[in-house]
Amino acid sequence: MSSIESIVDSLEGKINKILNRVEVLQKENVQLQADMKSVQQKVMQKDAIISSWEEKYESLKFANSILGSDESKREAKLKINTLIREIDHCISQLSE
């Protein structure tokens, strides 16, 4: 009988260790998920900032091309023509 009792005690000890380990891992998982959400939110904020700066850069580049050299003026004219075509396309879609 003592042999069976020692086996049962050993199994109980191992099960308790496993349950404790599962609990620790679950807590760690919850913490890691919270950290991941925080990092994802920061990444989204950084992406928004990058997009904003890219728009500002393009606007500045466009403004400089209007004021700049002949090559820049050509680039500005092409950009204006592209914008006009886009506006014309939008107007034609609205009139349909």
Spatially close lysines, pair count over the chain: Cα under 27 Å, gap of eight or more or interchain: 14
Of the candidates 53, 15, 87, the farthest towards the positive dipole end of region 12-96 (Lys/Arg Cβ +1, Asp/Glu Cβ -1, centred on the Cα centre) is 15
Mind pulling the angle between the C-alpha long axis of helix 2-67 and the longest principal axis of the chain? Nearest 10 degrees, somewhere in 0 to 90. 10
For residue 44 and residue 84, calculate 0.36 nm times their separation in residues minus their Cα-Cα distance, and state this gained length in nm to one decimal. 11.1 nm
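Any read-out appearing in this document is the output of simple, stated calculations on the displayed coordinates, not a laboratory observation. Bear in mind the structure is a predicted one, so any value in this text is a computation, not a measurement. Reconstructed Cβ throughout: ideal geometry from the backbone, glycine too, with neighbour counts over all protein chains shown.
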